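In what follows, a single structure is set out as structure tokens and then discussed.
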Amino acid sequence: MNNSDARPLPLNGIRVVEFCQTIMGPCAGLILADLGADVIKVEPAPAGDKTRKLLGFAAGFFGAFNRNKRGFAIDLKSDEGRAVALRLIETADVVIENYAPGTVEKLGVGYDDCKRINPRIVYCSLKGFLSGPYENRPALDEVVQMMTGLAYMTGPTGRPLRVGSSANDIMGGLFGTVSIVSAILERKETGKGRDLRIGLFENC
């Protein structure tokens, strides 16, 4: 986006709290940050986002998908860490999370927890699957590529091949961003937030 005229970016003034790791969730936060939002990435203490430790071709993932963000690490399993996170959420417009199904609820930062202290919150969960028989299963990009047939469109006949990039993770982040921006616009009319869910399998 050309910002040479120094006008504020479109999401200037929007605060996002990101409880995300790997690619799909951080990609959504990345796009929001690039559009001007103040994105605060909350990593699990002490190890941080597991993407920090990737090697080989994936060694640059953390930097690539977490630029333009602020961040810190806390232990959400502790009362002190959870209290810090909830104080931050009170000041936020958006929360993004892509932990395994049921994790944020156990940690006390699920949608209902956040809505209780901030009714205007736009809450976006990026998961492997939406409602249905698989909704409580975790998933990876290559898993849904196989399940949906994308890998069979990519490889030679009878030899399915994973798409080279994390195409579904990136698409999921993009769909998440579109949904979040739409919910922010809707909130201007209704005064209410939204509980959004984006599925890796369904976007593929």
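The values are calculated or read from the model by the stated rules, or taken from the named source; none is laboratory data. A quick note: this is a predicted structure, and the numbers were derived from the prediction, not measured. Don't worry about glycine lacking a Cβ; one is built from the backbone with ideal geometry, like all the others, and counts go over all protein chains shown. Protein only, heavy atoms only, side chains kept; ligands, DNA and RNA dropped before computing areas. Shrake-Rupley method; radii C 1.70, N 1.55, O 1.52, S 1.80 Å.
List, in order, the whole-Hz ³J(HN,Hα) value for each residue of region 151-162 obtained from phi through the Karplus relation with A = 6.51, B = -1.76, C = 1.60 and θ = phi - 60°; use x for Gly and Pro.
Going residue by residue, I get 5, 6, 7, 9, x, x, 3, x, 9, x, 9, 4 Hz, with x marking Gly and Pro.
Looking only at region 163-204, which residues have a backbone nitrogen under 16 Å from a spot 7 Å from the Cα of Glu105 in the C-beta direction?
Only 195-198 fall inside the zone, counting backbone N under 16 Å.
Given points 7 Å out from each Cα along the Cα-Cβ axis, report the Arg187 to Arg70 separation in nanometres with one decimal.
1.7
Calculate, for the chain, the solvent-accessible area per residue in square angstrom, rolling a 1.4 angstrom probe over the heavy atoms of the protein chains.
Accessible surface, normalised per residue, equals 53 Å².
Tally Lys and Arg at +1 and Asp and Glu at -1 over the other residues with C-beta under 14 Å from the C-beta of Gly191: what net charge comes out?
Neighbour charge sum, excluding Gly191 itself: +3.
Run the numbers on region 1-148 and let me know its relative contact order in percent, using alpha-carbon pairs under 8 Å that are six or more apart. Spell out each step's value before the answer.
Numbers: 228 pairs, mean separation 33.1, N = 148.
Relative contact order, region 1-148: 22 percent.
Can you give me the long-range amide H partners of Ala73? Hydrogens built in the peptide plane at 1.01 Å from N, cutoff under 5 Å, separation of 5 or more residues or another chain.
Glu43
How big is Rg to Rh over region 30-144, alpha-carbon atoms, Rh as the Kirkwood inverse-mean-distance radius?
Working: Rg = 14.9 Å, Rh = 15.6 Å.
Ratio of gyration radius to Kirkwood radius for region 30-144: 0.96.
From the Cα gyration tensor of region 90-153, with a ≥ b ≥ c the square roots of its eigenvalues, which class applies: rounded if a/c is under 1.5, or else prolate if a/b is larger than b/c, or else oblate?
prolate
Name the residues of region 64-78 whose amide N is less than 17 Å from a point 7 angstrom out from the Cα of Thr91 along the C-beta direction?
Within reach of a label on Thr91: 69-74.
Quick check: residue separation of Ala47 and Asp34 times 0.36 nm, minus the Cα distance between them. What number comes out in nm? All intermediate terms of the calculation are to be shown ahead of the outcome.
Numbers: separation 13, 0.36 × 13 = 4.68 nm, distance 2.59 nm.
My answer for the length gained is 2.1 nm.
Tell me whether region 34-88 comes out rounded, prolate or oblate; compute the Cα gyration tensor, take square roots of the eigenvalues as a ≥ b ≥ c, and use a/c under 1.5 as the rounded threshold.
Verdict is oblate for region 34-88.
Nearest 10 degrees, 0 to 90: what angle lies between the long axis of helix 24-34 and the longest principal axis of the chain (Cα atoms)?
Value to nearest ten degrees: 50.
Which values, in whole Å and largest first, are the semi-axes of the equivalent ellipsoid of the chain obtained as the square root of 5 times each eigenvalue of the Cα gyration tensor?
28, 20, 18
What is the Cα convex hull volume of region 116-204 when expressed per residue in Å³?
Hull volume normalised by residue count: 101 Å³.
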